[in-house]
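Read-outs: derived from the displayed coordinates by stated rules, not from any lab. Please read all numbers here as calculations on a predicted model, not as lab measurements. Glycine also receives a Cβ, built like all others from the backbone with ideal geometry; neighbour counts cover every protein chain displayed.
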Amino acid sequence: MEQQKSQYMNSYLAGFLLGIVLLMAIFIAGRGLGASGAAKDLAAITVKAIAPEHASKTTFWANHLSGDSHPLKSWLSIEVLGVLIGGLLSGLISGRMRFKVERGPRVRVATRLGFALLGGMLFGIGAQLGRGCTSGAALSGMAVLSTAGFLTMMAIFGTGYVIAYFFRKLWI
Amino acid sequence: MGPLIPNGIVGMEWDLFFALFIGIAFGYVLESAGFSSSRRLAGVFYGYDFTVLRVFFTAGVTAMVGVFIFNYLGWIDMSVVYVNPTFLWPAIVGGVIMGFGFILGGYCPGTSVTAVAIGKIDAMVFLAGIVLGIIGYGEGFTFFEQLSVSGYLGPIFIFDTLGITAGWFAFLLIAVALIAFGVTAMIEEKVNPESGLADTKGTSYFIPVTLALLVGVVLIFTPFERITGVGEMDKEELEKVIVSDNHYVHSDEVAFKLFNDYHPVILIDVRSSAEAAEFTLPGSINIPLEQISSRRWRKTLSEKERKVIFYSNGTANAQKAWLVARRMGYSNIFVLEGGLNGFFQNLENNVKPSDYLHESEFAYRFREKSRQMFREGKLEVKKEQTTSDDDQPVVVAAKGGC
């Protein structure tokens, strides 16, 4: 926000490149991108580690933990690992590496972090119901022209716009 | 051709390698565009930074156009690609909840990972929140379960839902995206002339915009195949064909061909495998009704030179199978009139015509002979060779989603 000339990539170019990546995913693997599913893998192994018997008895977790490979060896988890690496590479090259709590000017660190946690939890629940997040359901759905993709996308952004005013203190 | 891995063209061993590679590209582009910053992401909702809109829309449209083109060239089979299924209510409710998550948290899952990569502590907390939220969802699943499976409509396409062709939808989406880009550029200019636009200023957009519109117009006239290799027939065409009613084949014709061990037809027994095992017309291939749309039989049913004749005990099931096959685009399909029951009835009830007209006399004698042949089992018939589709590994549609 403070830079005169942006150090970021032109957003249309970035969008185009992202579209190509998405197209490659569809062409090679037959599926779009995703992210929240990897969090589900993490959640599953966490539950299994803390309460293994409970995990095996609950259908929701048992179903996800079944199969011969480790839950973190799923397509999504590996892809998200890639996202981490890719982000790291870009951050290193552009010199954007820095520990910080990003927040609006009118809010304290603690408040920001509290809302980050709450926001994450809501996103986790919402992504489970919507069977994907902005990448998995909305973006990938748009590419394959699925009704679900557009529905979810409109629900996410529509809601965002409606409630933005009430949470403006977090950002502006 | 594509999708390469589900179709077995690239081995399954490469699946995770590509996942990693695709992820790296994904993460790199996201971070380079500045999505590793929650304030930048939130900007789309407050009008000071429309990066999210520009990247998201451009990416979606680019990939969609790519899929369209690949589809047209026959490079990708949409029936194997994962098209996320529509569960109406959870899609909406989930989206609303995610909307709250976005505004409160300032990230979405994918962007939060890139932010974590460069050290954003709020993103780390956000990510931890996602995992906690999912644990909460799993633990409280009995509460969510009914909602989560409600309103199932299948893997439907948006253009079908809207009642327009895929091509028109593509054009409209491109047009809407271009308008959105123009409007948001103007808003950004007013709200905050310094930031956001800084990464797009100074370039002339006339050529890309015109190109994009041109592509959109071309797509209006481009067909979109849901199943590759077979041109789907639309409802109106199908109704005309049903009404014209010339897809029946008389049992005499079939008997004659069997009788003479001469095979300008392919006989398909559409009954269950159990029924077909008990008795089937010699040389038939058994494709139970539910399997008609399977990829395995695509070659067999696409036969253009010999008639493909469906039969069942009566006519109802063969007719159903015929409808499915015609709808899928197979054109050379016929139904045995009267089915097996009618077939043998004609032979059994062969009445010697009283007027001795040449043709009916011939028909009478032919049927007498046929009945004899069937009764005495003198029919030796070469078993119809099923086509090489059998040798291909079974193609399992790609799994996807989150």
**Request:** May I ask for the distance between the Cα centers of segment B:292-339 and segment B:12-61, given as a whole number of Å?
**Result:** 47
**Prompt:** So what are the ³J(HN,Hα) numbers for segment B:310-325, from phi and the Karplus equation (6.51, -1.76, 1.60; θ = phi - 60°), rounded to whole Hz, Gly and Pro as x?
**Reply:** 8, 8, 9, 5, x, 10, 4, 5, 5, 5, 4, 4, 4, 4, 4, 5
**Asked** When the distances between all Cα atoms of the protein assembly as shown are binned every 10 Å from zero, what whole-number percent does each bin get?
**Response** 3, 16, 23, 20, 14, 10, 7, 4, 2, 1, 0
**Message:** Could you list B:SER273, A:SER135, A:SER66, B:SER312 so that the one with the fewest beta carbons within 10 Å of its beta carbon is first and the one with the most is last?
**Reply:** A:SER66, B:SER273, B:SER312, A:SER135
**Prompt:** Taking Rh as the Kirkwood radius computed over C-alpha pairs, what is the Stokes-Einstein D of segment B:12-220 at 4 °C in a medium of viscosity 1.567 mPa s, expressed in µm² per second?
**Reply:** 66
**Request:** Two decimals is fine: what is log10 I(q)/I(0) at q = 0.20 Å⁻¹ for segment A:104-172, from a Debye sum with one equal scatterer on every Cα and no solvent?
**Result:** -0.86
**C-alpha long axis of helix A:109-129 to longest principal axis of chain A, angle in °** = 50
**Prompt:** What residues have an amide H closer than 5 Å to that of B:GLY283, excluding those fewer than 5 places away on the same chain, when H is modeled at 1.01 Å from N in the peptide plane?
**Reply:** B:GLU384
**Prompt:** Who wins for biggest fluctuation among A:GLY87, A:GLY126, A:GLY141 in a Gaussian network model of chain A, springs between alpha carbons below 10 Å?
**Reply:** A:GLY87
**Prompt:** What's the Cα-based Rg to Rh of chain A, Rh via Kirkwood?
**Reply:** 0.99
**Request:** Search the structure for amide H atoms under 5 Å from the amide H of B:PHE157, placed 1.01 Å from N in the peptide plane, and list their residues when 5 or more places away or on another chain.
**Result:** A:THR147
**Item:** Helix-only CD estimate at 222 nm, as mean residue ellipticity for chain A, using -39500 (n - 2.57) per DSSP H run (n ≥ 4)
**Value:** -20500 deg cm²/dmol
**Item:** Karplus-derived 3J(HN,Hα), 6.51/-1.76/1.60, for each residue of segment B:99-111, Hz, glycine and proline x
**Value:** x, 4, x, 5, 5, 6, x, x, 9, 10, x, x, 5
